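Below is one structure, written out as structure tokens, with a few remarks after it.
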Amino acid sequence: MTDLLRFGLVVVLLGLGMGYSARAGKLTTAALWTGGALGLLIFLGSGFAGLALLALFFGLGTAASSWRVADKRRLGLAEENRGRRTAGQVVANAGVAGLLGLLAWLLPPAAPLAHLMLAGSFAAATADTLASELGNVYGRRYYHILTLRPDTRGLNGVVSLEGTALGLAGTAGLAAAYCLGAGWGPAFGWLLVAGTAGNLADSVLGATLERRGYLSNNAVNFLNTLTGALVAGGLMRWLG
């Protein structure tokens with residue numbers, strides 16, 4: 001397949017994804033174009049494998065957000081704006097991946113490391129989304145991440161055993177998808193650690209800086225994905 005044909009196919013695929021998201025009301029107009037631009041950067045640096053990780057994260061996150069949404073609304077835990085993602089939320093969850101895609105495109109020697117870091121960012125984003133969205137539904141007891149004392153479901157920095165396990169399952173799914181394309185090996189374990197580290201960082205930041213109003217939820221999510229990327233990259237450089 002020629003480069004021109006590949007690029008044209010990607011434009012079509014991104015256009016179809018944007019069209020579906022618009023019809024389904026999953027993204028605002030600004031978020032649609034932001035997501036399309038980030039998707040293009042991810043493709044330039046990591047090809048169809050990177051787009052597959054983006055699609056998997058988006059699919060799992062959308063499904064988790066929509067799951068038992070009536071119960072979440074009744075409890076006051078449903079997302080604002082009827083679950084439509086804003087441009088800020090798109091950047092918070094996929095901005096790091098977009099920057100890593102650009103890095104891999106501009107600096108081909110750094111591509112292997114950038115690809116793993118990109119997967120680490122999505123592993124962390126998926127872990128956080130599933131842990132919060134499904135943990136609020138299936139959790140039985142909720143604890144403050146730092147004090148481990150019982151706390152209120154849905155507050156920043158509050159976790160449950162069930163939500164944490166579901167977040168780990170999401171990380172495993174992203175890690176498996178990455179390894180299907182890149183080959184099975186230690187990267188699977190590195191991504192499990194990276195996704196969990198990002199999810200943990202998200203909870204700690206939520207319990208401290210976000211609760212006090214120093215960081216927004218989007219900023220915390222961005223730092224979550226950055227943590228996942230840095231941990232994955234660090235493990236590859238240290239143990240690879």
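For segment 92-169, the fraction of C-alpha pairs more than 13 angstrom apart is 68%. Distance from the alpha carbon centroid of segment 176-190 to that of segment 117-171 works out to 23 angstrom. For segment 35-142, the percent of C-alpha pairs falling in each 5 Å distance bin, counted from 0 to the bin holding the largest distance, reads 2, 13, 21, 21, 15, 11, 8, 5, 3, 1, 0. Accessible area per residue for the chain, computed on protein heavy atoms with a 1.4 Å probe, is 50 Å². Model label sites at Ala169 and Leu239, defined 7 Å from Cα along the beta-carbon direction, differ in position by 2.4 nm. Taking all protein chains together and rolling a 1.4 Å probe, Met18 ends up with roughly 40 Å² accessible. Using R0 = 35 Å, the C-beta based FRET efficiency linking Arg84 and Val12 works out to 0.90.
Here the alpha carbons of the chain define both size measures, Rg and Dmax, at 17.3, 58 Å.
Given a 1.4 Å probe and every protein chain left where it sits, what share in percent of the accessible area of the chain is carbon and sulfur?
66
Here each label is just a point 7 Å from Cα along the line to Cβ, and for Leu148 and Ala37 those points are 4.5 nm apart. Here the Gaussian network model covers the chain, with springs between Cα atoms less than 10 Å apart; of Ala169, Ala119, Ala70, Ala70 fluctuates the most. How much accessible surface does Thr86 have with a 1.4 Å probe, in Å² rounded to 10? Answer for Thr86: close to 50 Å² accessible.
Computed with every protein chain present, the accessible area of Val204 is close to 50 Å² [probe 1.4 Å]. Largest mean-square fluctuation among Asn136, Asn221, Asn93, in a Gaussian network model of the chain whose springs join Cα atoms under 10 Å apart, belongs to Asn136. Positive-end ranking of Val137, Asn156, Cys179 along the dipole of the chain, with charges on Cβ about the Cα centre, is headed by Val137.
Pull out the extension gain between Leu155 and Ala219, defined as 0.36 nm times the separation in residues minus the alpha carbon to alpha carbon distance; nm, one decimal. If you can, show how the numbers build up before the last one.
Details: separation 64, 0.36 × 64 = 23.04 nm, distance 1.64 nm.
Using 0.36 nm per residue and subtracting the Cα-Cα distance, I get 21.4 nm.
With a cut-off of 11 Å between beta carbons, the residues surrounding Val158 carry a summed charge of +3, where Lys and Arg count +1 and Asp and Glu -1.
Starting from the exponent 0.38 and prefactor 2.2 Å, build the expected Rg for segment 162-240 from its residue count and divide its actual Cα Rg by it. Please list the in-between numbers first.
Numbers: Rg = 13.6 Å, N = 79, 2.2 N^0.38 = 11.6 Å.
For segment 162-240, the normalised Cα radius of gyration comes out at 1.18.
In the chain, the longest principal axis of the Cα atoms and the axis of helix 161-182 are about 10 degrees apart. In the chain, which longest range has no GluC sites (Glu not before Pro) that are both DSSP loop (not H, G, I, E or B) and surrounded by at most 16 other Cβ atoms within 10 Å? It runs 81-240.
The values are calculated or read from the model by the stated rules, or taken from the named source; none is laboratory data. Here the structure is a predicted model, which is why all the values come from computation and not from measurement. Heads up, the Cβs are rebuilt from the backbone with ideal geometry, glycines too, and the neighbour counts pull from every protein chain shown. Just the protein is used for accessible areas: all its heavy atoms, side chains included, with ligands, DNA and RNA removed. Shrake-Rupley method; radii C 1.70, N 1.55, O 1.52, S 1.80 Å.
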